[in-house]
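Let me give you the structure first, and then I'll get to my questions.
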Amino acid sequence: MNVLDIDDLPVSTLEDVLADAPEIEAARENGRPRDDLDGLSLAMLFEKPSTRTRVSFEVGLTQLGGHAVFLGEDDIQLGNGEPVKDTARALSGYVDGVMARVNAHEDLEELAEYSSVPVVNGLSDDAHPVQTLADLLTIREHCGFDDTTVAWVGDGNNVGASFLVGAAMVGLDVVAATPDGYGFADGVTDRASNYDGTVTLVDDPTDAVADADVVYTDVWVSMGEEAEREAKLEAFYDGGFQLDADLLAHAPDDAAVMHCLPAHRGEEITDDVLESERSLVWRQAENRLHGQNALLVELLG
């Protein structure tokens with residue numbers, strides 16, 4: 001099985017992964033680390049830099065008894081010099097799985113097509129499913145999925161797209177506010193509509209947070225969008241999309257805050273909100289490790 005986006009997982013498998021993650025975490029904390037991936041190897045392909053993705057996958061493989069091989073942009077070039085399909089077939093003879101963090105989702109699809117071992121999306125321009133696992137784990141721990149509403153406030157980017165679909169898969173209700181021209185790609189809400197949760201799109205961020213148990217935001221200018229920076233900042237600031245104390249005042253008093261990091265403090269979120277008692281951000285970051293561990297056990301173990 002390849003996981004290029006969150007809905008490549010059947011709902012039952014997603015539920016199994018979310019249930020197994022805290023068990024893997026607890027086993028290690030109790031001095032009984034699991035060795036599900038003993039003797040197995042994962043190739044990690046990076047076209048984009050990362051802190052959380054590299055460290056969480058590499059540490060996770062080690063914790064589970066396996067071995068991760070880091071291949072940065074100077075070590076391997078997808079589609080540059082060697083066709084993607086050749087890279088896929090060569091790596092399949094060496095490792096038990098591939099995680100790729102790429103610029104173009106099309107390269108990831110070709111990698112998966114020609115690979116004979118599971119391929120996991122560590123981030124592409126279209127999707128970030130392993131982040132969604134961490135997001136759902138965090139919400140599950142904090143308030144559960146029953147009668148829970150999450151506000152997405154900000155850009156209709158890859159992180160948001162995967163989250164909307166994943167949230168619908170576990171029955172969450174999402175209210176998403178994005179500025180005009182920066183909404184979600186065609187098909188995202190259609191995919192979400194196949195599941196029990198609901199996705200409602202609104203224009204006003206104060207409407208999005210009004211009944212939210214959790215308010216989630218991400219950077220306004222993603223890697224590769226530097227040329228759009230000034231136009232995007234103007235649209236987001238003018239529309240009131242910054243997650244600050246004023247916006248949170250429109251949410252319930254106990255609404256929690258999430259951000260997938262890295263955060264541009266003072267842009268999409270203010271320092272006081274990120275560092276507040278409402279913030280789940282650091283647990284959310286740690287859950288990258290636990291969610292991915294459970295996913296790798298499901299795919300490789």
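Name the strands (runs of 3 or more DSSP E) wholly inside region 161-219 in which the number of residues that are over 18 Å from the mean Cα position of the chain (by Cα) is 1 or more.
Because the criterion is at least 1 residues that are over 18 Å from the mean Cα position of the chain (by Cα), the strands (runs of 3 or more DSSP E) in region 161-219 that meet it are 173-177, 198-202.
Also, I was wondering about something else. When you check residue 295 against the structure, is it closer than 24 Å to residue 137 by Cα, crowded, with 18+ Cβ neighbours inside 10 Å and not assigned by TED's automatic domain parsing to the domain that holds residue 154, yes or no? Working first, answer last.
Details: closer than 24 Å to residue 137 by Cα: yes; crowded, with 18+ Cβ neighbours inside 10 Å: yes; not assigned by TED's automatic domain parsing to the domain that holds residue 154: yes.
So residue 295 passes the test.
If you don't mind, there's one more thing I want to ask. Of these, 268, 230, 275, which one is crowded, with 18+ Cβ neighbours inside 10 Å and either more than 15 Å from the chain's Cα centre (by Cα) or under 11 Å from residue 217 (Cβ atoms) (or both)?
268
Right, next: From the list 221, 215, 273, which one is hydrophobic (A, V, I, L, M, F, W, C), closer than 24 Å to residue 142 by Cβ, touching an Asp or Glu at 6+ places or on another chain (Cβ under 9 Å) and not assigned by TED's automatic domain parsing to the domain that holds residue 118? Spell out how you get there, then give the answer.
Details: 221 fails: closer than 24 Å to residue 142 by Cβ; 215 fails: touching an Asp or Glu at 6+ places or on another chain (Cβ under 9 Å).
Among 221, 215, 273, only 273 is hydrophobic (A, V, I, L, M, F, W, C), closer than 24 Å to residue 142 by Cβ, touching an Asp or Glu at 6+ places or on another chain (Cβ under 9 Å) and not assigned by TED's automatic domain parsing to the domain that holds residue 118.
Looking at region 221-301, what helices (runs of 4 or more DSSP H) fall wholly within it and have at least 2 residues that are modelled with pLDDT under 95 and of a type in the set (Gly, Ala, Ser)?
229-238
Among the residues in region 131-141, are any outside the structural domain of residue 157 (by TED's automatic domain parsing), charged (D, E, K, R), within 30 Å of residue 186 (Cβ to Cβ) and modelled with pLDDT of 95 or more?
no
While we're on this one: Which condition does residue 31 not pass, out of (1) modelled with pLDDT under 95; (2) under 28 Å from residue 145 (Cα atoms), if it passes all the others?
Going through (1) modelled with pLDDT under 95; (2) under 28 Å from residue 145 (Cα atoms) one by one, residue 31 breaks only (2).
Please count how many residues of region 203-221 are surrounded by 17 or more Cβ atoms within 10 Å (Cβ to Cβ) and within 26 Å of residue 168 (Cβ to Cβ).
Of the residues in region 203-221, 12 are surrounded by 17 or more Cβ atoms within 10 Å (Cβ to Cβ) and within 26 Å of residue 168 (Cβ to Cβ).
The values are calculated or read from the model by the stated rules, or taken from the named source; none is laboratory data. Everything quoted here is computed from the prediction, not taken from an experiment. Virtual Cβ from ideal backbone geometry, glycine too; neighbours counted across all protein chains shown.
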